[in-house]
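Have a look at the structure below before the remarks.
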């Protein structure tokens, strides 16, 4: 009887080899689950970073496109409305635009909607290259805060490639030398490093073609200088009087008051 109980208890026990084998199998299962979980988390992080970078690049190009579509050029005061462009790793794009209130940082400038915008690729605070935006009113210089703290539109930027449509050549050119004219089309290519990489062979390129509607404001439609007539306006010398318009009253002479319409002649 006792021999049978000993045999039954002996069959129910685990040997050391079986216990070690069970522990090894359990460890393999736990390791597989952990590796799968970490791979899922890593893939999710990379996907979120890629989506965030794509969103930032889209916003950056949208900001640049909004500014280009509002670009302005004055024929009379062309020295204040220069269009400067340089592509590459040290890209620079500067021009004057009439910006809407929804444009970034418009609240700092109040009602001064005509401003010069400066897009530049430069070294960033995290040892990478960033696309920045600076702006200032047309008749003022950059203040210290705008110069030292520009708006960062995109990070991990390799370069900003610019191309301009030349109507005379009928092709894209990489350099726009007519600083007193606006190009009809601008092709912008933003090259960025993928998330989590530093200067690797891979890159992400976002390209957009922007039509610049402005062709320069003719002199007859510009605000005249103080004390001067409106150039090309009806009634000015050489321009006939428009139908239904009142007669042009000449300015008073320096020696005394001018004639009053309908009154007695001045002696």
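A few remarks follow.
- Calculated FRET value between residue 145 and residue 98, using beta carbons and R₀ = 30 Å, to 0.05: 0.85
- Dimensionless Rg ratio for region 51-211, taking C-alpha atoms and the 2.2 N^0.38 Å reference: 1.04
- Rounded Å value of the spacing that divides the Cα centres of region 144-190 and region 74-106: 10 Å
- Note on residue 128 and residue 29: their simple-model spin labels are 4.2 nm apart, each label 7 Å out from Cα toward Cβ.
Every read-out reported here was derived from the displayed coordinates using simple, explicitly stated rules and does not represent laboratory data. Here the structure is a predicted model, which means the values were calculated and not measured. So basically every Cβ, Gly included, is an ideal-geometry build from the backbone, and we count neighbours across all protein chains shown.
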